[in-house]
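> Sharing a structure, written as structure tokens. Questions coming.
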Amino acid sequence: MAGRFKAIWTEAESTLVAPDKTGKTAVAIRAWRGARWVSSLCLALLAAGLAPSALAAHASVPPARESHPLKANECLPAPKGKVVLTISGVVTCGNAGSETSPLARFDMPMLEALPSRVNATHTPWTQGVVRFSGPLLRELIQRVGQDVSTVSVKAINDFSADIPMSDIARYEVLLATRRDGEPMPVRDFGPLFILYPFDAHPELMTEEIRFRSVWQVNGLVLR
């Protein structure tokens, strides 16, 4: 079939493209040959089980792209630096793991590229007012998951605490990446710190909330 199409196309070029050197008679001959070429093309398409319109439809189909291994979860770029946070559980936008169990991994530049907030507050563990900055925890969760009811926060030393989404939705809970404008080392709550707005909401100064304010964070599990 490919040979038949090639022969038809070659004839079309010679009949429709060749310059007119013999006047009106040559024009009539080329018109007749052009009609014969169109008729031959239609017959060839019908013999192949295609309507003539299928040629244009086939030409409009774009070439296939190579699919991301996670397919529907290719919305998050891969980290280029050291991974500081891994999010698992009901992740819908991931960059690692598998299609059935995706993970969202972040390096520090990825976290700091998210919209940042500043919380200037006293805390039970610091002296005076300290300015913490970083993305809101709820905005980070919305970026990678959905239908979350509880977030389990994990620390480098394997400590963990569960935070209900009701807390995260009601209060501006930060995943702090900086303290007074500087990155936080591990010995100083870093690299990541779950911070509640204690000064804005004095009712948060409870043992339960202090337990949920995890520092040295390196993982979140969305449930």
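> Considering Cα pairs under 8 angstrom that are at least six residues apart, work out the relative contact order of the range 71-222 and quote it in whole percent.
Across the range 71-222, relative contact order equals 24 percent.
> Gain in length, residue 203 to residue 156, computed as 0.36 nm per residue apart minus the alpha-carbon separation, to one decimal in nm?
14.1 nm
> How many percent of the alpha carbon pairs in the range 92-179 exceed a separation of 16 Å?
63 percent
> Could you work out, for the range 135-223, what percent of all Cα-Cα pairs fall into each 10 Å distance bin, beginning at 0 Å and stopping at the bin that holds the largest distance?
P(r) over the range 135-223, rounded to whole percents: 17, 53, 29, 1.
> Give me Rg/Rg_expected for the range 71-222, where Rg uses Cα atoms only and Rg_expected = 2.2 N^0.38 Å with N residues.
Output field value: 0.99.
> Would you mind getting me the FRET efficiency between residue 131 and residue 99? Use the beta-carbon distance for r and R0 = 30 Å, nearest 0.05.
About 0.15, to the nearest 0.05.
None of the figures in this text is laboratory data; all of them are computed from the coordinates on show. Not measured: the values here are computed from a predicted model. Cβ: placed from backbone, ideal geometry, glycine included. Neighbour counts: every protein chain shown.
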